[in-house]
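Working notes for the structure below.
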Amino acid sequence: MGHTFTNLLYHLIFSTQNRKDLIQDGFRNELYSYLGGIIQGEKGKTIAIGGTKNHIHILSKFSQGTILSNMLQHIKGNSSKWLNEKGFMTYHFHWQSGYGAFTVSESMINVISKYIQNQEIHHKKMTFEQEFLRLLEKHHIAYDEKYLWE
């Protein structure tokens, strides 16, 4: 085959340090736009961004040369710096050190997008910790809970 063809869709999840409720309504949409801009600047495409006061979900398509860990480092590092420079908070903001990244089939884009956009409703029934454990189990990802929560 003479060309390379990819469709690299990822559902990314990461939380504020210690899962504290730091993402306030007053700047949440601006943060989502900024996150989308970081992804676009790295030649990716944002499909959906949502979350709650303590975590973010992103559905994105990345180019074939993207190294996932580097992309997350750009997203989290640049957005932390931006949040701190904008002065939305009176303390130094940090994301958690880790993240969840799950591949997504093209046929599931609408389902995952709706799930991401309905995070506030979803989390009236389930905590972030419960949600994340459920996703790890659903995707058959082994984990040691001793090391799961910073």
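Before moving on, here are some points about what is shown:
- Between H3 and K45, the modelled labels are 1.4 nm apart [label points 7 Å from Cα along Cα→Cβ].
- Its residues counted as N, the stretch 26-108 yields a C-alpha radius of gyration over 2.2 N^0.38 Å of 1.10.
- With coordinates expressed along the principal axes, the C-alpha atoms belonging to the stretch 93-142 extend over 34, 27, 22 Å, beginning with the largest.
- Projected label distance in nm at K81 and E129, using a 7 Å step from Cα toward the beta-carbon: 3.3 nm
- About its Cα centre, the stretch 4-150 has a charge dipole of approximately 180 debye under the convention of +1 per Lys or Arg Cβ and -1 per Asp or Glu Cβ, with nothing else charged.
- For the stretch 11-150, the convex hull spanned by the alpha carbon atoms encloses 114 Å³ per residue.
- Within the stretch 74-147, the trypsin sites (Lys or Arg not before Pro) that combine a DSSP coil assignment with at most 13 other C-beta atoms in a 10 angstrom radius are K124, K125.
Read the figures in this text as sums done on the coordinates, not as results from a lab. On a predicted model such as this, the values are computed, not experimentally measured, just so you know. Methodologically, a virtual Cβ is constructed for each residue, glycine included, from the backbone with ideal geometry; neighbour enumeration extends over all protein chains shown.
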